[in-house]
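Participant: Below you'll find the structure I mean.
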Amino acid sequence: MGRPMLWRYERMASAMGYQVVAGVDEVGMGPLAGPVVGGAAVLPIGVKISGLDDSKLLRFAERERLDAIIRRKAVAVSVCAVDHAQVCSLGLTRARHLATAGAVAGLGVPAEYLLVDAFDVPYAPLPQMAVVKGDRTCASIMAASIVAKVARDRAMIEYDRMYPGYGFAGHKGYATRAHRSAILRLGPSPIHRTTWAPFRAFINAAN
């Protein structure tokens, strides 16, 4: 892959005696609609995955390509979605905890140690390290971010078919101008986070 420093956290965990080290990340914290999705990935240390990077910096087609490669080369991969209703009822922090813990629990190989992007995973009773900017500096977290992002994007594309007119396939639920205009024109869809504070603030400001 040409960037050996991307594996320094995995090697640190390995040096501490942990053999199954999972990268963990979540996506979908900011949108006005749709789920929060957690991802977890266990990679063979040093495996070559050309183009691996922060999912936010990659184009849609590149994420799709990398998702397929990651799933083929990984020891284990898992995603877990927490839907819009749970985001509204539980709040974003709890939704993130459930999504990431669910992704860890879904791994086909039980993880021994977690590398997490910025935040811990309190519902996963495992030793873990919160890596600042982990989605740009840690290979396993990058992989987790990509599989979570691809899963969420695919879900939003399907929601676009179910609820046409909002443009979910394009903006994926984020608060773009086109999305906000669609909400004002059509009203909220069944997957909008209508009781979430940022959504209510947008509606109140529009009225």
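Participant: Using the structure shown, decide if Arg193 is in contact with a Lys or Arg (Cβ under 8 Å, 6 or more places away or on another chain), in contact (Cβ under 8 Å) with a residue 60 or more places away in the chain and basic (Lys, Arg). Working first, answer last.
Facilitator: On the way: in contact with a Lys or Arg (Cβ under 8 Å, 6 or more places away or on another chain): no; in contact (Cβ under 8 Å) with a residue 60 or more places away in the chain: yes; basic (Lys, Arg): yes.
Against the criterion (in contact with a Lys or Arg (Cβ under 8 Å, 6 or more places away or on another chain), in contact (Cβ under 8 Å) with a residue 60 or more places away in the chain and basic (Lys, Arg)), Arg193 does not qualify.
Participant: While we're looking at this one, here's another question. Arg185 versus (1) over 17 Å from the mean Cα position of the chain (by Cα); (2) closer than 28 Å to Leu52 by Cβ: which is the lone unmet condition?
Facilitator: Status for Arg185: all satisfied but (2).
Participant: In the stretch 125-141, which residues are in contact (Cβ under 8 Å) with a residue 40 or more places away in the chain and part of a loop (DSSP other than H, G, I, E, B)?
Facilitator: Listed by number, the residues that qualify are Pro127, Cys138.
Participant: In the set Asp117, Asp83, which member is closer than 22 Å to Pro127 by Cβ and charged (D, E, K, R)? Break it down stepwise before answering.
Facilitator: Details: Asp83 fails: closer than 22 Å to Pro127 by Cβ.
Of the residues listed, the single one that is closer than 22 Å to Pro127 by Cβ and charged (D, E, K, R) is Asp117.
Participant: Kindly evaluate Ser78 against the criterion of being small (Gly, Ala, Ser), surrounded by 15 or more Cβ atoms within 10 Å (Cβ to Cβ), in contact with a helix residue (DSSP H, G or I) (Cβ under 8 Å, 6 or more places away or on another chain) and farther than 23 Å from Leu32 by Cβ.
Facilitator: Details: small (Gly, Ala, Ser): yes; surrounded by 15 or more Cβ atoms within 10 Å (Cβ to Cβ): yes; in contact with a helix residue (DSSP H, G or I) (Cβ under 8 Å, 6 or more places away or on another chain): yes; farther than 23 Å from Leu32 by Cβ: yes.
Yes, satisfied.
Participant: Taking the stretch 142-166, which residues are buried (at least 23 other Cβ atoms within 10 Å of the Cβ) and outside any helix (DSSP H, G or I)?
Facilitator: Tyr166, the sole residue that qualifies.
Participant: Checking Ser145 against (1) touching a residue at least 40 places away in the same chain (Cβ under 8 Å); (2) more than 30 Å from Leu114 (Cα to Cα), which test does it fail?
Facilitator: (2)
Participant: Could you look through the stretch 172-187, keep only residues that are without any contact (Cβ under 8 Å) to a residue 24 or more places away in the chain and outside any helix (DSSP H, G or I), and pick out the one that is surrounded by the most Cβ atoms within 10 Å (Cβ to Cβ)? Please lay out each step first, then the result.
Facilitator: First, the residues of the stretch 172-187 that are without any contact (Cβ under 8 Å) to a residue 24 or more places away in the chain: 176-178, 181-182, 184-187.
Of the ones still in play, those that are also outside any helix (DSSP H, G or I) are 176, 187.
Details: Thr176: 15, Gly187: 10.
The qualifying residue surrounded by the most Cβ atoms within 10 Å (Cβ to Cβ) is Thr176.
Participant: While we're on this one: Kindly provide the set of residues from the stretch 9-29 that are among the small types (Gly, Ala, Ser), more than 30 Å from Met156 (Cα to Cα) and surrounded by 14 or more Cβ atoms within 10 Å (Cβ to Cβ), ordered by number.
Facilitator: To start, the set of residues in the stretch 9-29 that are among the small types (Gly, Ala, Ser) comprises 13-15, 17, 22-23, 28.
Narrowing further to those that are more than 30 Å from Met156 (Cα to Cα): 13-15, 17.
Matches in the stretch 9-29: Ala13, Ser14.
Participant: Let me ask something additional. Output the residues belonging to the stretch 49-61 that are more than 13 Å from Met142 (Cα to Cα) and more than 16 Å from the chain's Cα centre (by Cα). Let's see the steps before the verdict.
Facilitator: Pass one, the stretch 49-61, residues more than 13 Å from Met142 (Cα to Cα): 59-61.
Scanning the stretch 49-61 gives a single hit, Ala61.
Participant: Residues to consider are Ala169, Ala201; find the one that is at negative phi, assigned to a helix (DSSP H, G or I), loosely packed, with under 13 Cβ neighbours inside 10 Å and not charged (D, E, K, R).
Facilitator: Working: Ala169 fails: loosely packed, with under 13 Cβ neighbours inside 10 Å.
When all the criteria are applied, what remains is Ala201.
Participant: Just to check your reading of the model, which residue among Val131, Val121, Val116 is crowded, with 17+ Cβ neighbours inside 10 Å, farther than 16 Å from Ile70 by Cα, of a type in the set (A, V, I, L, M, F, W, C) and over 14 Å from the mean Cα position of the chain (by Cα)?
Facilitator: Numbers: Val121 fails: over 14 Å from the mean Cα position of the chain (by Cα); Val116 fails: over 14 Å from the mean Cα position of the chain (by Cα).
Result: Val131 is the single residue among Val131, Val121, Val116 that is crowded, with 17+ Cβ neighbours inside 10 Å, farther than 16 Å from Ile70 by Cα, of a type in the set (A, V, I, L, M, F, W, C) and over 14 Å from the mean Cα position of the chain (by Cα).
Bear in mind that the values in this text are calculations on the coordinates, not laboratory data. Just so it is clear, the structure is predicted and the values come from calculations on it, not from any experiment. Cβ atoms come from the backbone with ideal geometry, glycine included; neighbour counts cover every protein chain shown.
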